1. Being basic (Lys, Arg) and at pLDDT 75 or above is the filter; apply it to the stretch 58-83 and report the residue that is most open to solvent (accessible area, probe 1.4 Å).
2. Within the stretch 235-243, can one find any residue that is under 18 Å from the mean Cα position of the chain (by Cα) and in contact (Cβ under 8 Å) with a residue 60 or more places away in the chain?
3. Inspect the stretch 126-133 for any residue being touching a strand residue (DSSP E or B) at 6+ places or on another chain (Cβ under 7 Å), of a type outside the set (Val, Ile, Thr) and surrounded by fewer than 18 Cβ atoms within 10 Å (Cβ to Cβ) and give the result as yes or no.
4. Answer with yes or no whether Tyr294 is among the hydroxyl-bearing types (Ser, Thr, Tyr), touching a residue at least 24 places away in the same chain (Cβ under 8 Å) and open to solvent by 10 Å² or more (accessible area, probe 1.4 Å).
5. With (1) surrounded by fewer than 14 Cβ atoms within 10 Å (Cβ to Cβ); (2) modelled with pLDDT of 90 or more; (3) out of contact with any Phe, Trp or Tyr (no Cβ under 8 Å at 6 or more places or on another chain) as the list, and Asn324 as the residue in question, which single condition is left unmet?
6. What is the number of the single condition among (1) more than 16 Å from Lys211 (Cα to Cα); (2) of a type in the set (Ser, Thr, Tyr); (3) open to solvent by less than 10 Å² (accessible area, probe 1.4 Å) that Tyr313 does not meet?
7. Which one of these is of a type in the set (A, V, I, L, M), outside any helix (DSSP H, G or I), open to solvent by 70 Å² or more (accessible area, probe 1.4 Å) and within 29 Å of Tyr233 (Cα to Cα): Ile99, Ile150?
8. Counting only residues that are more than 16 Å from Lys181 (Cα to Cα) and assigned to a loop (DSSP other than H, G, I, E, B), how many does the stretch 131-147 have?
Amino acid sequence: MKKIFTCTNISSNNPNPVYISSNEQLEQIPENDIKLRCYVDDFFIAVKELKSKSKKIKYYVRIRENVTIENYDNLFDVFKDLRDYIKNIDCLELELSSIVKNRDFEKLITFLQCVNSNLQFVLKLGNLEVFNVEQLQSLKKLNSNLDTTIKINQTYQGKYSENNEYDNLYTFDDLIKIKKKIDEIIKKIPVDYNDVERILFIYKYLGKKIKYDKNIANLNYDERETHDSNSIYDILFENKGVCSSIAVTFRALMDAIGIDCQVIMSEEHEWNIVKINGYWYHLDLTWDLYNIKYNTPLNFFLKSEKQMSANEYHQIYTYYAEENEIAKRSLSLKNM
């Protein structure tokens, strides 16, 4: 039976959702005050089915750009119809992983200008490059009327998303500061550098500034997760962090220069892989911090999987790429 939408009893102490696929199932719920959580293409189906019901409904609409939206040429065109239901919508979650084009951004702005201050607006971004600084500043102007949460997925929305699923949480002000700081770093890279040279520049730039934070490393799991929620900010402005925050910050900078990069992990450690000329190479900035600071040879930069996994801390517990994409040999930096 197809799941149409998710129904949660607001007055119930049980937070687990009830999956609804028919009106008959809905009628069996005794509470008169319920909350619907559904994707946007199911939202209009749910509204149509519930029009004749006397139950009080609160809608939680979630929009993802990879979901199929019937009868819409563009994801953002759906906002035209959502405006008609805005008084009934409690929360709107927009999940994006690719750059928002200006024409779509204007549709988002137009929609948000119609909402009231009671709506919770969640921006869940696949990476920092979804919005540019100017767009973020425009959204911030609307923030006084919205309860806004910005989430950035720590890993890229792709083959590796199963490796690490918790989000970074930022305010508009912090996110704008982060993007400006990244732009400032990128401008330092000589324009004639090739991909390997650009990666190495950022690797050494961060390595010279970052201090490994042993206090954070000694925290328990829950405390570490709280810290990791704003880890990019801590690395760029506090110059301290642990392997997880170092890896996600490095990935954010790779996104900014157009290099495919992922955060991957073993049981006890996190580091990065980057794609160069069609092959994935490993690098571990955390374990090369000492070498960068004291100008000794790098031991963990652009390594093959075989060489990297020789150490137990670099043994990946999920297989992450096509066999023909994994580099068989490390890249030599003799000429660097």
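1. First, the residues of the stretch 58-83 that are basic (Lys, Arg): 58, 62, 64, 80, 83.
Filter again for at pLDDT 75 or above, leaving 62, 64, 80, 83.
Working: Arg62: 41, Arg64: 62, Lys80: 115, Arg83: 84 Å².
Result: Lys80.
2. Looking only at the stretch 235-243, we keep the residues that are under 18 Å from the mean Cα position of the chain (by Cα), and these are 235-236, 243.
Restricting the remaining residues to those that are in contact (Cβ under 8 Å) with a residue 60 or more places away in the chain gives none.
Within the stretch 235-243 (the criterion being under 18 Å from the mean Cα position of the chain (by Cα) and in contact (Cβ under 8 Å) with a residue 60 or more places away in the chain), the answer is no, since none of the residues qualifies.
3. no
4. Values: among the hydroxyl-bearing types (Ser, Thr, Tyr): yes; touching a residue at least 24 places away in the same chain (Cβ under 8 Å): no; open to solvent by 10 Å² or more (accessible area, probe 1.4 Å): yes.
No, not satisfied.
5. Evaluating Asn324 over (1) surrounded by fewer than 14 Cβ atoms within 10 Å (Cβ to Cβ); (2) modelled with pLDDT of 90 or more; (3) out of contact with any Phe, Trp or Tyr (no Cβ under 8 Å at 6 or more places or on another chain) leaves (2) as the failure.
6. All conditions are met except number (3).
7. Details: Ile150 fails: open to solvent by 70 Å² or more (accessible area, probe 1.4 Å).
One residue alone meets the criteria, Ile99.
8. Residues of the stretch 131-147 that are more than 16 Å from Lys181 (Cα to Cα), as a first pass: 135, 138-147.
With the extra rule that they be assigned to a loop (DSSP other than H, G, I, E, B), the set shrinks to 146.
Total meeting the criteria: 1.
The values are calculated or read from the model by the stated rules, or taken from the named source; none is laboratory data. Bear in mind that the values here come from a model prediction, so they are computed numbers and not experimental data. Glycine gets a Cβ as well: all are built from the backbone with ideal geometry, and neighbour counts include every protein chain shown. Side chains included, ligands, DNA and RNA excluded: accessible areas come from the protein's heavy atoms. Shrake-Rupley method; radii C 1.70, N 1.55, O 1.52, S 1.80 Å.
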